[in-house]
1. Is it fair to say residue A:149 is within 29 Å of the chain's Cα centre (by Cα) and under 28 Å from residue A:39 (Cα atoms)?
2. Could you check segment A:101-126 and list, in sequence order, the residues that are surrounded by fewer than 18 Cβ atoms within 10 Å (Cβ to Cβ), out of contact with any helix residue (DSSP H, G or I) (no Cβ under 8 Å at 6 or more places or on another chain) and within 18 Å of residue A:86 (Cβ to Cβ)?
3. Report yes if residue B:135 is out of contact with any strand residue (DSSP E or B) (no Cβ under 6 Å at 6 or more places or on another chain) and more than 10 Å from chain A (Cβ to nearest Cβ), otherwise no.
4. Output yes when any residue across segment A:193-200 is without any contact (Cβ under 8 Å) to a residue 40 or more places away in the chain and crowded, with 16+ Cβ neighbours inside 10 Å, and no when none is.
5. Return the residue satisfying two criteria in turn: it lies in segment B:144-176 and is facing another protein chain (nearest Cβ under 8 Å) and in contact with a strand residue (DSSP E or B) (Cβ under 9 Å, 6 or more places away or on another chain), and of such residues it is farthest from residue B:129 (Cα to Cα).
6. Test residue B:209 against the stated conditions and say whether it is within 29 Å of residue B:93 (Cβ to Cβ), over 19 Å from the mean Cα position of the chain (by Cα) and surrounded by fewer than 24 Cβ atoms within 10 Å (Cβ to Cβ).
7. Have a look at A:258, A:245, A:230 and point out the one that is within 12 Å of chain B (Cβ to nearest Cβ), crowded, with 19+ Cβ neighbours inside 10 Å and in a helix (DSSP H, G or I).
């Protein structure tokens, strides 16, 4: 028991402390969170654009073009850079690897600093020195650790950028679908009566709509982008948490503290969101990691089937699909599946630790 | 102290509250009327299922609906019928003008919110004060209800308090907006006897500090009534059976049910003898006698007319009303009961 003179901890703070003691989940959580945060700086580590380059006394930061707002905020240094201004004959994007190579030998004081892995996710490498003489997909090599795909794009770059896409997609889907599901379930459970009756019948009808066909129809009308896919998937995956939250609200609303809150004149909205919701967080928080697993898997499946993200977007499912058409190229299947497996495993570890942290019994009998 | 010359702060008339049980309706409160005067403490006494808690909940319209519904009557607070108000209007009364204390201090506080916030919440809702000032008021009231070191304990959670301390927090929560009426629904039932006395003292102290505050104290404990109440309302079978000033009721109870209640208080002087009980059980709420005295099935004095006609609430002494044919006729029910009990006992 907590002594009364110690710093008071809310139940969520205590669960957070418990979660931190569960090492496997805690490390997985940190790994996922930090890798996701760092993935927004990915062009600094993996990409074809130089981070900094100097040409004839002019200092440019080409990598800014890969960051949102980069080109608009720094048009002189990070916007569109014409290759002719950097000593190339043709108009177009600067090939910084060629630039670096040329200036290294020319010794004119011009230089470029490229990311450690200087290949972009949507850049075809068919004309590159090592790959020019063979047909894609190329097997893994020292330059291309995971080989290239059937259009000669670097698989490693596509994998790491695909990680960012998958996580961004999964987290957005979970956030959106849990917001919808929680709000709907909360209203259903709290208001009860007709809203609950008809609301839940609507949920049942809605859950019986086949998700895949709907996505196929949507994909055949408009070309899906990340936002559209997130919205469509969220619209078809909020029903599960709705049931749990509805049940929590049905139970919690008959508790004495709710009657006490009503008796001091709190508004219905305050009672729903300030009084009951914090008490109904358990299923929301403990199912969220598994919903993330589901969302990421859905994206991979959709991409695999070709109804997912627009073509050049780096995606794991699309790589696996290439592996299906190039059945002898093991690297097209093994690497994306390994990436998927490790990611989902880490998320499941987090989910396991969350469940454990929310377990009211400090000691489990089954151990 | 009763203030008959002043208008009542709360005037309940013919209140009817029922619950749906299956496809039948159980009338839990059947035509209850009473007045509550400023500064008085009114006790509502009765067995479980007599309708006393539902009466209290109906005043603030806290009866869960469905299955419950308030079917008739009026609850006038300072001349305004609370039952006719819209939801937002009732909200302005709840907590601000009429406060409520619940039976279970263990579950009446939100387990995930610190107590300071919960007490301050009422002030924020009703007086629109910013959080910091509301917390100052919370400190003031938590100190007043006897929470030591209240400022430090604002951030503590309900699980860090004992039952008695939690009930103190609940009282602070109910009083923090300085309501005119405080409804206490069995505030001491879940507490240890020593803590019970402290909580009752606290309620008395609060009333001494703000003598205008009227308290409705719902309890099944006659000792609590004797200690704290100015006037007592005895309920049985969803109806008021006897209303009287506390001294009058304790000196000369008239209704056989009230007599039975007093008779079943353990008396150390009669140690070893079987404890007097009221024969039978409270009838199921769906099987309450109709067109008859509600108590006749368990009354040792029941006569034919008790089975065939329902008595009215009749004033038998100044401010002392009873719902009993026999008492209305001026018969000494107390002596008759004693005789009947003596005969029944070998």
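The values are calculated or read from the model by the stated rules, or taken from the named source; none is laboratory data. These numbers come from a predicted model, not from an experiment. Ideal geometry is used to build each Cβ from the backbone, glycine not excepted, and the neighbour counts take in all protein chains shown.
1. yes
2. Correct list: A:101, A:102, A:104, A:105, A:106, A:107, A:108, A:109, A:113.
3. Answer is yes for this residue.
4. Yes: one or more hits.
5. My answer is B:170.
6. So residue B:209 passes the test.
7. It is A:258.
Conditions tested, residue by residue: (1) in contact with a strand residue (DSSP E or B) (Cβ under 7 Å, 6 or more places away or on another chain); (2) assigned to a helix (DSSP H, G or I).
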{"site": "B:302", "(1), (2)": "no, no"}
{"site": "B:307", "(1), (2)": "no, yes"}
{"site": "B:310", "(1), (2)": "no, no"}
{"site": "B:321", "(1), (2)": "yes, no"}
{"site": "B:331", "(1), (2)": "no, no"}
